[in-house]
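In what follows, a structure is listed as structure tokens, so that the remarks can point back to it.
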Amino acid sequence: MPTFVGFSTQHVNDIKTPVIAPGVSGGGISPIKKATVTKKFTMTDEQLVIQDLINSFNILAGQKPGQPSYGTTIWSFIFEANTLDTRSALETEIRRVVNLDPRIVVNTVQVIPQNNGVLAQVELAISPFNNPSMLAIMFDQNASRAYSVTSNQ
């Protein structure tokens, strides 16, 4: 089972101020101690696969070094007119991106235009669990990002 354990990046870029050592004349500065406490988070199994899929929808095709086919061209379709050809192209692109991940099996893809973007409802199963689930992905043209709206797992 895939498991990812990572470290939180909270407060990574905070400026650390030097501490003046008491009783030291001439403004002596003591060394800054490195923080030893890190916050960990864990994503396992299906959550990890779905987050990987959402990440691949947020990367434009050709942006990932060494992997020109990784990512999506879906953002070029989001601003097009709502025609049958555009919806068909969106469904084809969603299937292509999902099929790049061998852990996911796609059953159906349905594209629904929304006021601020496109909602894609994808019925999928994640190997080795093979539990069918419906994943709703919102492609928000205002924020220029994709995110999971609901996921029934």
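Brief remarks on what is shown
- Of the residues in region 84-98, not one is part of a loop (DSSP other than H, G, I, E, B) and either modelled with pLDDT of 90 or more or not aliphatic (A, V, I, L, M) (or both).
- Test: residue 37 is modelled with pLDDT under 90, of a type in the set (A, V, I, L, M) and exposed (fewer than 10 other Cβ atoms within 10 Å of the Cβ): yes
- Matching residues in region 104-153 - criterion: being among the acidic types (Asp, Glu) and without any contact (Cβ under 8 Å) to a residue 24 or more places away in the chain: 123
- Within region 68-119, the set of residues being loosely packed, with under 13 Cβ neighbours inside 10 Å and either touching a Cys at 6+ places or on another chain (Cβ under 6 Å) or under 24 Å from residue 45 (Cα atoms) (or both) comprises 99, 102, 107, 108.
- Whichever residue in region 127-148 is surrounded by 14 or more Cβ atoms within 10 Å (Cβ to Cβ) and modelled with pLDDT under 90 and, among such residues, is nearest to residue 47 (Cα to Cα): 129
- Pairs meeting the criteria (first residue in region 81-101 and touching a residue at least 24 places away in the same chain (Cβ under 8 Å) and farther than 16 Å from residue 53 by Cα, second residue of a type outside the set (Asp, Glu) and outside any loop (DSSP other than H, G, I, E, B), beta carbons under 8 Å, at least 6 apart or on different chains) are 82/113; 87/111; 87/113.
- Unique residue being in contact with a helix residue (DSSP H, G or I) (Cβ under 7 Å, 6 or more places away or on another chain), closer than 16 Å to residue 147 by Cβ and of a type in the set (A, V, I, L, M, F, W, C) when the list is 120, 89, 136: 120
- The one condition in (1) hydrophobic (A, V, I, L, M, F, W, C); (2) under 16 Å from residue 53 (Cβ atoms); (3) part of a helix (DSSP H, G or I) that residue 105 fails to fulfil: (3)
The values are calculated or read from the model by the stated rules, or taken from the named source; none is laboratory data. Keep in mind that what you see is a predicted model, and the values were worked out from it rather than measured. Counting neighbours? That spans all protein chains shown, and the Cβs are built from the backbone with ideal geometry, glycine included.
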